[in-house]
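All remarks here apply to the structure that follows.
The values are calculated or read from the model by the stated rules, or taken from the named source; none is laboratory data. Just so it is clear, the structure is predicted and the values come from calculations on it, not from any experiment. Cβ: placed from backbone, ideal geometry, glycine included. Neighbour counts: every protein chain shown. When the accessible area is computed, the model is the full protein with side chains, heavy atoms only, and any ligands, DNA or RNA have been set aside. Shrake-Rupley method; radii C 1.70, N 1.55, O 1.52, S 1.80 Å.
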Amino acid sequence: MSVRSVVPFGPQHPVLPEPIHLDLVLEDEKVIEAIPSIGFVHRGLEKLVEKKDFQEYVYVAERICGICSFMHGMGYCSAVENIMDVVVPPRANYLRTIWCEMSRIHSHLLWLGLLADAFGFESLFMQSWRMREKILDMFEMSTGGRVIFSVNKVGGVRKDMDKEMLREFLKVFDDIEQELKVLTKTFLEDYAVNSRLRDVGVLTKQQAHELGAVGPFMRSSGIALDNRKLGYAAYPELDFEPITSDVGDCYARCDVRIREIFQSIDLIRQAAAKIPEGELAAAVKGFPQGEHFMRVEQPRGEAIYYVKANGTKFLDRVRVRTPTFANLPGMLETLKGCQLADVPILILTIDPCISCTER
Amino acid sequence: MKVSKSPWLMHYDGSSCNGCDIEVLACLTPVYDVERFGVMNTGNPKHADIFLITGGINAQNAPVVKQLYSQMPNPKVVVAVGVCACNGGIFKECYNILGGVDTVLPVDIYVPGCAARPEAIIDGVVRAVALLDEKKKALSQEQVSSKEA
Ligand code: SF4
């Protein structure tokens, strides 16, 4: 007869950089159910809008999460800009696009590293993170910060990249592309990696749709949706297609994210070729009044920013729905019926960001 | 400076924004790589000498942090990484933030920055190692005197 037991997982666990707690109900080695409890990183920063004015709040929005900090800042700024009818100068839009894609590359490389760490491939972990440092160096050169940049403001951006800097960056991206090709070979062809990732945690297209998955987690189940196609920043002028896979297992998620890195490098090249000269920010006068929904595509999927303003310098409400929140039901579904040893990998393949989720 | 042992550190996210956490991890990976000084990251509090905490600690996290601290063997050093961990930082006014690690634990070393830079974190760890030696000496003296008494 099989034995039922409950194994607590987290909040402090070696594979988790962030705290989340799961109670895993096991039957022998098989997971029957996973019951999450969250709230370890809840700070309550949506309520800070009452204490910081709408310009200051950009800094708080950036600190929703340190990995997608640029995109959080941009999403919030775009929502406010839409309410105030501010037209962002084209150069600022292009710069935002470049920084967005750099964030995506750095986030995906970080994830690849953590994934390798989760299945015990230590040197692959180190290699991914070594490459990521190059992106952080470029961030530091262009914005002054490594993870938190404070380069967005309502109306545009604060810093510029000159021609020479862009040329340098493109050279670095060439290097990164070459190195990534080598890494890709290991990630996708290595025997050990394959045996840990193939056919583990399959999420079908139907399930992904019903459970409301977003981002690479959804795209690897065969749904071709990408919010960048909605046309914010400079994306309408760039040429790209959402990257998908039909398999829906952990391997597919790894594959999709790797291909997205190559796509991001391509997008940066396109943007660098097209970037126009001009202003960095539009003047912002008065206070916002009205409300707006802004949807952006973050490395982990769709993030929604809802901003409601009342005509004073303090906003009424800011609401953020982050991708991990949408992906949690899908993750719990894939955990059902898996082996205990696969739990860390399954949790990691949605690329969880707990501090986004709990804010 | 002479280091008398390889310090092992444990890292825990006490309600931070993640920024400082990835910088802590960046210290352990190539480019900054503190492993070359014998510093290792461990997930087990019973193996750890240095406790790196990021973030301003919320109500749900406070008991977890206290428990992790109590599981670490003596002597131990607590390093608060990032402005959040030092005094609450940008989240100080949030309703769910207690305001710094020192509201729940005795903190030995404060590393400033938002996000704290890897150089600053490494500096903090180096100071922690020196402090660890001091604490060890004090501890052994205590034991000697308690035996004599
Ligand atoms: S100090 Fe800044 S970067 Fe570090 S956890 Fe706090 S808000 Fe994030």
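Listed values, structure above:
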item	result
Subset of segment B:105-118 [buried (at least 19 other Cβ atoms within 10 Å of the Cβ) and over 10 Å from the mean Cα position of the chain (by Cα)]	B:Leu105, B:Gly113, B:Cys114, B:Ala115, B:Ala116, B:Arg117, B:Pro118
Hits in segment A:63-111 (condition: assigned to a loop (DSSP other than H, G, I, E, B), within 16 Å of the ligand (Cβ to nearest atom) and among the hydrophobic types (A, V, I, L, M, F, W, C))	A:Ile64, A:Cys65, A:Ile67, A:Cys68
Residue count, segment A:42-63 (criterion: under 19 Å from the mean Cα position of the chain (by Cα) and not aliphatic (A, V, I, L, M))	4
Residue match in segment A:105-118 (condition: open to solvent by 10 Å² or more (accessible area, probe 1.4 Å) and either at pLDDT 85 or above or closer than 14 Å to B:Thr29 by Cβ (or both))	yes
Test: residue in segment A:138-161 that is away from chain B (no Cβ under 14 Å), among the hydroxyl-bearing types (Ser, Thr, Tyr) and either within 21 Å of the chain's Cα centre (by Cα) or farther than 21 Å from A:Gln270 by Cβ (or both)	yes
Matching entry among B:Ile90, B:Ile121 (being open to solvent by 10 Å² or more (accessible area, probe 1.4 Å), part of a helix (DSSP H, G or I) and within 13 Å of the ligand (Cβ to nearest atom))	B:Ile90
Filtered residue count, segment A:203-229, keeping only those that are in a helix (DSSP H, G or I) and in contact with a Lys or Arg (Cβ under 6 Å, 6 or more places away or on another chain)	3
Search result, residues across segment B:93-112 that are within 12 Å of the ligand (Cβ to nearest atom), touching a strand residue (DSSP E or B) at 6+ places or on another chain (Cβ under 8 Å) and either small (Gly, Ala, Ser) or assigned to a loop (DSSP other than H, G, I, E, B) (or both)	B:Gly100
Residue among A:Glu50, A:Glu81, A:Glu56 that is among the charged types (D, E, K, R) and more than 22 Å from B:Ser16 (Cα to Cα)	A:Glu81
Subset of segment A:43-61 [at the interface with another protein chain (Cβ under 9 Å from one of its Cβ atoms) and at pLDDT 85 or above]	A:Tyr59, A:Val60
Filtered residue count, segment A:7-42, keeping only those that are away from chain B (no Cβ under 14 Å) and within 30 Å of A:Val60 (Cβ to Cβ)	1
